[in-house]
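Nothing in this text is a laboratory measurement; each read-out follows from the coordinates by a stated rule. Values in this document were obtained by computation on a predicted structure and should not be read as measured data. Don't worry about glycine lacking a Cβ; one is built from the backbone with ideal geometry, like all the others, and counts go over all protein chains shown.
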Amino acid sequence: MIKVEEKLFQNRYRVDAEHPHINIGNPEVCQVECKTQQCTYCCPAGCYTREGNGRIVLITDGCLECGTCRIICTEFRNVEWEYPRGGYGILFKFG
Amino acid sequence: MDEKFDAIVVGAGPSGNAAAYTMAKAGLKVLQLERGEYPGSKNVQGAILYSDALERIIPDFREDAPLERHLIEQRMWVLDDESYVGSNYRSDEFNKPPYNRYTIIRAQFDKWFSQKVREAGALIICETTVTDLIMDRTRVIGVRTDREGGSIYADVVILADGVNSLLAKKAGFHPELHPKDVALAVKEIHFLPQETIEQRFNVGGDEGVVIEMAGKITQGMVGTGFLYTNKESLTIGVGCMLSDFKQQGTSPYALLEQMKSHPSIKPLLAGGEMKEYTAHLIPEGGYNAVPQIYGEGWLIVGDSGMFVNAVHREGSNLAMTTGRVAGETVIELAARKKPMSAANLALYRKTLDDSFVMKDLKKYRNMPEILHGNHQFFTTYPELVNRAMHTMLTVDGIDKKTKEREVRQDFRKKRSLFGLMGDAFKMWRAFE
C-alpha cells in the first residue's frame, strides 16, 4: 500500500484553517446513495477516505487543487468546489 | 478599487501572461489577477517549452528566461510489464541555436514571464481570487474578487483561469467538463547531481532528453507517461483519462509508483531525491469539445478553452498563441475604437481557425473517441510487440521462419485478422 502522505509531505501549503475550499454538499448522499465513491480512489492527494459505516470524510489540507473530485462526482454533483482564498492552498515550488 | 481598465486578465499562466504582455506592450491599461502567492505557484506542467510560440511574443526570451535543457533527443517507448520496445531520434541539428524545445520548471519560468508582463506596463495583483464576473445583462463589464471592495471594471475580460475555469461555468459560457474530456496527470520531481544526469542520459552541457511512454504503465487506461531531463532534476509523470480512472478503480499515485518501479525506469531515477508531488487536469477533449470562446465583453484562452493537442503533447504553445491572438484582437478593436462586442470579438475565433491551433485540433478531432473505444492500443499491442521482439531476439536453436510464424499467430490469436485490419484503418483515419 502506497502512502500518499509521504508524497504530500514534500509539498508546501498555506492551509486556510477552518475555511476548507471544498465541501461535501449532503454527506448522506455519499454514505447512502453513492455506491461507487470514486472520490476515495481518484483524488491524487487522497483527501477523501471512507469510514467503516460508509461515511466519506474529506480533509482538504493536502489538496493539489486539480479539480478531479469536482468532475468525477457526475452522478450526484455533491462536491462544492471553490478555489482557496487568494494566497492560500498549495504553493508549488517547481510546478 | 473602483478603477476601470481597458482589459482584465484572470490568471497568470502562459495564456494569461501572453495576453497581458501583448496588450500592455501596445499601451493598453491592463490588470492581471492571480490567486497564487506568486505567478507560477498554482501552475503545473511537464514541462516542455516550445520556442516558436514564445518567440512570437518575446523574441529575445533566451537572454534571460530560466531554461533547463534544450532537447536533442526524443525517445518513444512502448512498454510491457518487464520490457519496452522503443525508438530514438537524436540529432546534432537540435544542437544548433536557436533551439526549438527546452525543458523548463514552471514555477521559475512563470515568475520570469510575469516579470516581463510587469515591465511591459501591466498591473499584476497576486493572492487575489476572482469570484464572479460582473454582468450588465448579457455583457461582462468587470470582475469581483475575494478582496474587500473588490469590484473592478474593464472593457473586456480575458479568462485565462485554467482547466477548471469556474468563472466561465458559473456565467454559463461553457458546460461542466466531462470525465472523458480530461486527463488526470500526476508527476514528481527528483533531484540528482548534474553529472549523474548527463552520464545517465548520454548528454552534455545543456542538452536534454525526452522519453514519452505508452503501454502497460497505464494498466489498460487511455494515457501516457513521460520522463524529462532538467538541469539538476528529472520529472516523471503519468496521465490517463479521468473517466478511465473512475472506471478502473486505480489511484493515480499507485499508478505512478508502479511506473517508477518498472525495470527500465527505476535505474534512471536511482539515487534521486523527490522534492515535489503534483497533480493536474489536462483538457483533452479536442476540437469537438472546444467551447464558445468569445462573447459580449469576454474571451477565453488557454486550458480554459480546451486548447490542448493531446496527440502531440502540446499545450503551453497553444496557450501562449491563444493568449497572444486574444490580446491582438483586443488591440485591433481598441485602435479602431470598436466596442468589445461578440460580433467584433469573433475575429479572435476566426484568427485561430486560420492558425495551427484550430487546424491541428481539427486534424485529430476523432482521436479521443477512437482511443476511448479501443483500449487494445494500450494493452494488447504493447504486449504483442514486446513479445515479438523477445521471440526474435532470443537465440535458442529455433529457426527464424518458425519464430516469425509464432509471432504472426500470436497477433492473430490476440486480435484476429479482422481486428488487426480494423485497428490499422482506425489509426489511419485518425491521423489522416
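Values for this structure:
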{"read-out": "Segment B:306-369: trypsin sites (Lys or Arg not before Pro) falling in loop per DSSP and having at most 16 other Cβ within 10 Å", "value": "B:Arg313, B:Arg336, B:Lys337, B:Arg365"}
{"read-out": "Those lysines that a straight Cα-Cα span of less than 17 Å connects to B:Lys426, excepting residues fewer than 8 apart in one chain", "value": "B:Lys362, B:Lys363"}
{"read-out": "Semi-axis lengths, Å, segment B:369-431, gyration tensor of Cα atoms, sqrt of 5 times eigenvalues", "value": "27, 12, 9"}
{"read-out": "Point-to-point label distance, A:Phe9-B:Glu93, nm (Cα→Cβ direction, 7 Å offset)", "value": "4.8 nm"}
{"read-out": "Of all DSSP beta bridges in the protein assembly as shown, antiparallel share, percent nearest 5", "value": "70 percent"}
{"read-out": "Debye, to nearest 20: dipole size of the protein assembly as shown, +1 on Lys, Arg Cβ, -1 on Asp, Glu Cβ", "value": "1200 debye"}
{"read-out": "Cα-Cα over 29 Å, subset of B:Lys116/B:Lys246; B:Lys170/B:Lys275; A:Lys93/B:Lys266; A:Lys3/B:Lys246; B:Lys169/B:Lys260; A:Lys93/B:Lys29", "value": "B:Lys116/B:Lys246; B:Lys170/B:Lys275; B:Lys169/B:Lys260; A:Lys93/B:Lys29"}
{"read-out": "Under 5 Å, built H, 5+ apart or other chain: amide partners of A:Asp16", "value": "A:Gly89"}
{"read-out": "Per-residue [θ]222 nm for the protein assembly as shown (sum of -39500 (n - 2.57) over DSSP H runs n ≥ 4, rounded to 500)", "value": "-9000 deg cm²/dmol"}
{"read-out": "Cβ-based exposure ranking for B:Asp161, B:Asp136, B:Asp423, in which fewest neighbours within 10 Å come first", "value": "B:Asp136, B:Asp423, B:Asp161"}
{"read-out": "DSSP beta bridge pairing in chain B, given as percent antiparallel to the nearest 5", "value": "70 percent"}
{"read-out": "Those aspartates and glutamates that a straight Cα-Cα span of less than 17 Å connects to B:Lys401, excepting residues fewer than 8 apart in one chain", "value": "B:Asp410"}
{"read-out": "Rounded FRET efficiency, nearest 0.05, which uses the C-beta distance separating A:Glu80 from B:Asp136 and R0 of 30 Å", "value": "0.60"}
{"read-out": "Inter-centroid distance (Cα atoms) of segment A:68-88 relative to segment B:386-432, Å", "value": "45 Å"}
{"read-out": "Cβ crowding within 10 Å averaged over residues, with B:206-219, B:184-197 ranked highest first", "value": "B:206-219, B:184-197"}
{"read-out": "Residue exposure sequence - B:Met421, B:Met358, B:Met76 - by fewest surrounding Cβ within 10 Å", "value": "B:Met421, B:Met76, B:Met358"}
{"read-out": "For segment B:26-71 versus segment B:318-337, the gap between their alpha-carbon centres in whole angstrom", "value": "17 Å"}
{"read-out": "FRET E, pair B:Ser355, B:Ala335, Förster distance 22 Å, beta-carbon r, rounded to 0.05", "value": "0.60"}
{"read-out": "Electrostatic dipole magnitude of segment B:180-283 [Cβ: Lys, Arg +1; Asp, Glu -1; Cα centre; debye, to 20]", "value": "420 debye"}
{"read-out": "Which of A:Cys63, B:Ala214, B:Gly46, positive extreme of dipole for the protein assembly as shown (C-beta unit charges)", "value": "B:Ala214"}
{"read-out": "Inter-label distance, nm, simple model (7 Å from Cα along the C-beta direction), B:Thr402/B:Glu82", "value": "2.2 nm"}
{"read-out": "Degrees between helix B:417-431 axis and first principal axis of chain B (Cα, 0 to 90, nearest 10)", "value": "30 degrees"}
{"read-out": "Positive-end residue of B:Thr394, B:Leu417, B:His375, charge dipole of segment B:369-431 with Cβ unit charges", "value": "B:Leu417"}
{"read-out": "Karplus-derived HN-Hα couplings along segment B:22-31 (A = 6.51, B = -1.76, C = 1.60, θ = phi - 60°), whole Hz, x at Gly and Pro", "value": "4, 6, 5, 4, 7, x, 6, 8, 10, 10"}
{"read-out": "Long-range amide H partners of B:Ile141 with built H, under 5 Å", "value": "B:Ile134, B:Met135, B:Asp136"}
